Amino acid sequence: MMSWGTQYRITLVGSSHGPLVGVEVDGVPAGTRVDLADIQRALDRRSPVGRRLATRRHEEDRLVVETGLADGRATGSTVRAFVRNEDVRREPYDRMRDTPRPGHADYPARVRYGPEADLSGGGIFSGRMTVGLVIAGAIAQQILEPLGVDVVAFTRSVGDQRSDAPDDAPLDQIRSDSAANEVGAPDAAAAVRMEGAIAAARRDGDSLGGVVEVRATGVPVGVGEPFFDSLESAVAHLAFAVPAVKAIEFGAGFEAARMRGSQHNDPFVWDGDRVRTTTNHAGGILGGLATGMPLVFRVAVKPTSSIARPQRTVNLVTRTAETLVVTGRHDPCIVPRAVVVLESVAAIALADLALRGGFLP
């Protein structure tokens, strides 16, 4: 199923090596100002073009909006937007059609959809599909602007190299510091170490994973739904739709399992005429609802599955063992390009829940 959402509903379209990739968005309130330049900037952050440590696939990702906008505002109908795939090379994937790549969806997808399924470049399972999430996320952030919601993501770690930002760091500062380097880390010294680690993995024909942290401020108290559509549930559902995401935690996350209640509970205090907490171990969510504190979550991204080292696999036709060396153009670490994707995921979830809860018209 390629659709998600209730009030703000997105449907991904296209495939990695098809004519295009993009999204159809339903639920953008009529009259909403949509700045196409903002969407293009988000796409540029995801693009490999100009990155020394990314795939050599050269896609400019120029935004095309086919329906749903007029004179810079939403018409209330479906917004269909996409980018064209212009640098497609099917040959390496044709050679691997019968030998599933370790770490990829090739084998279960072949069983599910049959040998004729187009899995070139990963098909609909490719990270290329996140173009649609970035477009929808950029629109969602503009929908959220009247509420004062701001969302930023950054690279928390690559391999064993870590970066961080103070809990009270302004999001604009995190944004500008992260934009100053290729890996999207707010700590300049850590960014240099991360870049070195990625370059070393590439030289070894290998890859690295890491962690992306997302923070959102200005989320109105009460955004979210209890139980199955909790704020955590919505964010996690979308986060796990991003290829290579393997884990998620909110606030203190897994560290909470080693804390006592007296340590983990966030005390309430008055701050002028508003209530806040002195700590934010809950990550801005209680009972599935936003508390008004910053929404904070972290996502673990696995190492890129396509590596230039020999790997064991099987031939699905001859039923024999084989050794596979993946060819083609691949990122040695997808964490830096996943930053804007996870930022988009948060915005999409918040827009849908804010519309559902009546926080937006």
3J(HN,Hα) from dihedral phi, segment 115-120, Karplus parametrisation 6.51/-1.76/1.60, rounded to Hz, x for glycine, proline | x, 8, 4, 7, 9, 4
Rounded to the nearest 10 degrees, what's the angle between the helix 130-144 long axis and the longest principal axis of the chain, both from Cα atoms, 0 to 90?
-> 10
Under Karplus coefficients 6.51, -1.76 and 1.60, residue-wise ³J(HN,Hα) of segment 15-23 in Hz, glycine/proline x | 7, 3, 10, x, x, 7, 9, x, 7
Scale the Cα Rg of segment 265-352 by the rule-of-thumb value 2.2 N^0.38 Å and send over the ratio, two decimals.
-> 1.85
Between Ala321 and Arg112, what is the FRET efficiency for a Förster distance of 25 Å, r being their Cβ-Cβ separation, to the nearest 0.05?
-> 0.60
What is segment 130-285's relative contact order, in percent, from Cα pairs under 8 angstrom and six or more apart in sequence?
-> 19
By average Cβ neighbour count within 10 Å, what is the ranking of 250-256, 267-273, 80-86, 348-354 from highest down?
-> 348-354, 80-86, 250-256, 267-273
Sum -39500 (n - 2.57) across every DSSP H segment of at least 4 residues in the chain, then divide by the residue count to get the 222 nm mean residue ellipticity, nearest 500.
-> -8000 deg cm²/dmol
Could you pull the Cα extents of segment 101-192 along its three principal axes, largest to smallest, in whole Å?
-> 51, 38, 19
Per-residue Cβ contact counts at 10 Å, fewest first, order His17, His264 as His264, His17
Roughly how tilted is helix 36-46, in degrees to the nearest 10 and between 0 and 90, from the longest Cα axis of the chain?
-> 60
Rounded to the nearest 10, the angle in degrees between the Cα long axis of helix 188-203 and the longest principal axis of the Cα atoms of the chain comes to 20
Kindly rank 306-316, 291-301 from highest to lowest mean number of other beta carbons found within 10 Å of each residue.
-> 291-301, 306-316
Can you pull the three principal axis extents for the Cα set of segment 3-356, in Å, largest first?
-> 70, 49, 38
Would you please give the residues with an amide H less than 5 Å from that of Glu225, counting only those at least 5 places away or on a separate chain, with H modeled from the backbone geometry?
-> Ser230, Leu231
Scoring segment 57-191 by relative contact order with C-alpha pairs under 8 Å, at least six apart, yields a percentage of 13
Whole-Å semi-axes of segment 175-220's equivalent ellipsoid (Cα gyration tensor) | 26, 13, 6
If amide H atoms are modeled at 1.01 Å from N in the peptide plane, then the residues at a separation of 5 or more from Val13, or on another chain, having amide H under 5 Å from its own are Gly22, Val23, Glu24
Residue-wise, which Karplus ³J(HN,Hα) couplings in Hz belong to segment 333-344, taking 6.51 cos²θ - 1.76 cosθ + 1.60, θ = phi - 60°, and x for glycine or proline?
-> 7, 8, 4, x, 7, 7, 4, 5, 5, 5, 4, 5
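Each value in this text was obtained by applying a stated rule to the coordinates, not by laboratory testing. Because the structure is predicted, anything quoted here is derived from the model rather than measured. FYI the Cβ positions are ideal-geometry reconstructions off the backbone, even for glycines, and counts take in every protein chain you see.
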